[in-house]
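Asker: This structure is in structure tokens; I'll ask about it shortly.
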Amino acid sequence: MRFQPIFDIAEICTRKGVNQAILCPGSRCAPLTLAFVNHEDVKVRTLSDERSAAFVALGIAQQTSSPTILVCTSGSAAYNFSPAVAEAFFQQIPLIIFTADRPKEWIDQYDGQTIRQENIFGRHVKKSFTLPEDYEHPDSIWFIHRTINEAINLSEEYPKGPVHINAPFREPLYPAKDEKISFSKNIKIIQNTKSVSTLSGEEIDDLKRNIMSFSKVLVVSGQQDFDDGLSKAVENFSKAYPAPLVADVISNLHPVASVLRYSDTFLSVCGSDVQKSLQPELLITFGKSIISKNTKKFLRNFKPKEHWHIQPNGLAADTFQSLTKVIVADPKSIFKALTSIKKEAGFERQKKENFFRVWQAEEHRTIHSMNRYFKNAPFSELALVKEFISGLPGRCNLHLANSMSVRYANFIGLEAGKRGVHVFANRGTSGIDGCSSTAVGHSLCTEIPNFLITGDLAFFYDRNAFWHNYPLPNLRVLVLNNHGGIIFNIIDGPGNVPESEEFFVTQQKLSARHLANEYGFEYICLDGSKKTKNSLKNFFLFDGPTKILEMESSQEENKEAFDKFKQQIKSGYGA
């Protein structure tokens, strides 16, 4: 059969444990589509909007911890994958992206759906491959098989990420009527032995000696997936040294009882004298990006003497402009090793404990101020997010859309008792395009309850996340609809210019009610604090359909409530 080497791509994928595929409709990609659809071990789903489809694939890969196959036809369809590809690259999520293409001789000849597709994703994929156009020669078949193996292996090597395979096809694109699609059994499989970088005993001893020379050690975690073993290892180190641990909500370290959840809040209001007392001598970081602009600003202004970053491999980012050492190893293993450091007594131990207490004092001061605020908080998005998070079930996924949604959740935080709540957010590029689609991807491949907190702009921008034929009974969406968003009214700059209303704040009059009706979702409207308890009770009930809970409010009242929240935090410092 002419397309047999292409059909065998599905066999290679399944043999290597890659069995989830998102297919976008098109004709040029027919050989690939038929391959995956006809393979009994591939779970295929089809979505018409390529931009949304790519984020759905990202969500599936995130939930399954395995590469997801993504297929589109030729032309501009491939470009619509780009936002999700960039997000996957910076979040280190593996995708196997197939873009069908026209033969080379038709590029730049005004032929339909023909663009320059080779390396279309540029430096936002780990590598881009192009398959041969003809398959008759044995070397071509060998090359195709080898390429698919290499691409999958590369996507799973640390740092994980997307790979691109451009596949030019000549017509005819469909098998003849009497042709049956089958898969070769004698097929080339190349396995990679997965290894984790480890340090020698001598290198570990050297780290232990070095760390004991610092009285003020601060640990900061970036975004990462939930890992109970890592949480315990970091917690044990934090106690043993002792060293304060700063972590945003997207770090998934909320199970650590002593974690500092509110650094973004108190570092925004405490004075330079307080910040000086919080300055570390040694900064230890791991994970990817952090949400907190105030934490980044603090660490750039009050630099440590040394900054160690721990990661298994690859080039380390110098986010705080102070990087001095990259420890190439699994963070869990390093924190376990450092926990066995010799505990000091006397004055040296006292200095370490004092630094730990200084950070804890600011955390407790903030918690006290927050409790006072929420005791009589006005009905607002921030107050609703607090009540929403407190009501989450013991085991669920919490998805946070970008802009104010993820910031609200970070201000509220997750308590240690919420260890079964795993947090996800598209903070690789921090865009609003695809937040809903990513949550949909998770919902499609797990029975775990999935909750999405999203603002109106992110929600309506990604409305095609729901444009498919797959039920999502385990998905709940909280839409904070203030008809335009308040982020540009609270950050420095845009809120102070007269052009803000027209050119920065997007004014829109949409309601999620219409989308819910269109797709057959249950819709719950929340327009007053008295309805909150009953509305959330219904919302948290999993009794069949997808549910959307929409809070409609104004930008002005939410900005006012947020300003009062900040003022309450400031009052804890006598401001």
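Asker: For VAL326, only one of the following conditions fails: (1) assigned to a strand (DSSP E or B); (2) at pLDDT below 95; (3) among the β-branched types (Val, Ile, Thr). What is its number?
Answerer: (2)
Asker: Does PHE214 meet the test of being farther than 29 Å from LEU400 by Cβ and of a type in the set (A, V, I, L, M, F, W, C)?
Answerer: yes
Asker: Count, please, the residues in the range 366-380 that happen to be within 29 Å of the chain's Cα centre (by Cα) and of a type in the set (S, T, N, Q).
Answerer: Total satisfying the criteria: 2.
Asker: Looking at ARG2 and the list (1) assigned to a helix (DSSP H, G or I); (2) touching a residue at least 60 places away in the same chain (Cβ under 8 Å); (3) not polar (S, T, N, Q), which single condition is not satisfied?
Answerer: Here ARG2 clears every test but (1).
Asker: Restricting attention to the range 96-103, does a residue exist that is on the phi < 0 side of the Ramachandran plot and in a loop (DSSP other than H, G, I, E, B)?
Answerer: The answer is yes, given that some residue of the range 96-103 is on the phi < 0 side of the Ramachandran plot and in a loop (DSSP other than H, G, I, E, B).
Asker: In this structure, is LEU392 assigned to a loop (DSSP other than H, G, I, E, B), closer than 17 Å to LYS547 by Cβ, assigned by TED's automatic domain parsing to the domain that holds LEU541 and in contact (Cβ under 8 Å) with a residue 40 or more places away in the chain?
Answerer: yes
Asker: Tell me, yes or no, whether the range 367-381 has at least one residue that is part of a helix (DSSP H, G or I), in contact (Cβ under 8 Å) with a residue 40 or more places away in the chain and touching a strand residue (DSSP E or B) at 6+ places or on another chain (Cβ under 6 Å).
Answerer: yes
Asker: Give me the residue from the range 286-323 that is of a type in the set (D, E, K, R) and part of a loop (DSSP other than H, G, I, E, B) and, out of that set, surrounded by the most Cβ atoms within 10 Å (Cβ to Cβ).
Answerer: Out of the qualifying residues, it is LYS288.
Asker: Can you tell me how many residues in the range 459-492 are at pLDDT 95 or above, under 18 Å from SER554 (Cβ atoms) and buried (at least 22 other Cβ atoms within 10 Å of the Cβ)?
Answerer: Matching residues across the range 459-492 total 5.
Asker: Now for a different question. Considering ASP264, ASP273, ASP228, which residue is free of Cβ contacts under 8 Å to residues at least 60 places away in the same chain and not hydrophobic (A, V, I, L, M, F, W, C)?
Answerer: That would be ASP273, the only listed residue that is free of Cβ contacts under 8 Å to residues at least 60 places away in the same chain and not hydrophobic (A, V, I, L, M, F, W, C).
Asker: Under 7 Å by Cβ, and 6 or more places apart or on different chains, what pairs join a residue from the range 436-448 that is within 15 Å of LEU400 (Cβ to Cβ) and assigned by TED's automatic domain parsing to the domain that holds LEU398 with one that is among the hydroxyl-bearing types (Ser, Thr, Tyr) and modelled with pLDDT of 95 or more?
Answerer: Matching pairs, first to second residue: SER436/THR454; SER437/SER52.
Asker: Here's another thing I want to ask about it. One residue is enough: does the range 276-285 have a residue meeting the conditions over 22 Å from PHE89 (Cα atoms), hydroxyl-bearing (Ser, Thr, Tyr) and modelled with pLDDT under 95?
Answerer: No: the range 276-285 contains no residue that is over 22 Å from PHE89 (Cα atoms), hydroxyl-bearing (Ser, Thr, Tyr) and modelled with pLDDT under 95.
Asker: Determine the pairs where a residue that is within 13 Å of THR68 (Cα to Cα), located within the range 138-158, has a partner that is buried (at least 16 other Cβ atoms within 10 Å of the Cβ) and of a type in the set (Phe, Trp, Tyr) with Cβ atoms under 9 Å apart, the partner being 6 or more residues away or on another chain.
Answerer: ALA151/PHE129
Asker: Find the residue count for the range 364-396, including only residues that are aliphatic (A, V, I, L, M) and under 13 Å from THR265 (Cβ atoms).
Answerer: Qualifying residue count, the range 364-396: 3.
Asker: Also, quick follow-up: Exactly one of (1) at pLDDT below 95; (2) touching a Leu at 6+ places or on another chain (Cβ under 7 Å) is unmet by ASP134. Its number?
Answerer: Here ASP134 clears every test but (2).
Asker: Of (1) in contact (Cβ under 8 Å) with a residue 12 or more places away in the chain; (2) part of a helix (DSSP H, G or I), ILE341 satisfies all except one. Which?
Answerer: Among (1) in contact (Cβ under 8 Å) with a residue 12 or more places away in the chain; (2) part of a helix (DSSP H, G or I), the lone unmet condition for ILE341 is (2).
Asker: Being more than 25 Å from ASN236 (Cα to Cα) and among the charged types (D, E, K, R) narrows it down to one residue among LYS325, LYS303; which is it?
Answerer: The match here is LYS303.
Asker: Quick check: anything in the range 102-115 under 24 Å from ILE432 (Cα atoms), touching a residue at least 40 places away in the same chain (Cβ under 8 Å) and more than 14 Å from the chain's Cα centre (by Cα)?
Answerer: No, the range 102-115 has no match at all.
Asker: Among the residues of the range 79-88, is there at least one that is over 26 Å from GLU157 (Cβ atoms), buried (at least 17 other Cβ atoms within 10 Å of the Cβ) and charged (D, E, K, R)?
Answerer: no
The values are calculated or read from the model by the stated rules, or taken from the named source; none is laboratory data. The structure presented is a predicted model; accordingly, all values stated were derived computationally and were not measured. Counting neighbours? That spans all protein chains shown, and the Cβs are built from the backbone with ideal geometry, glycine included.
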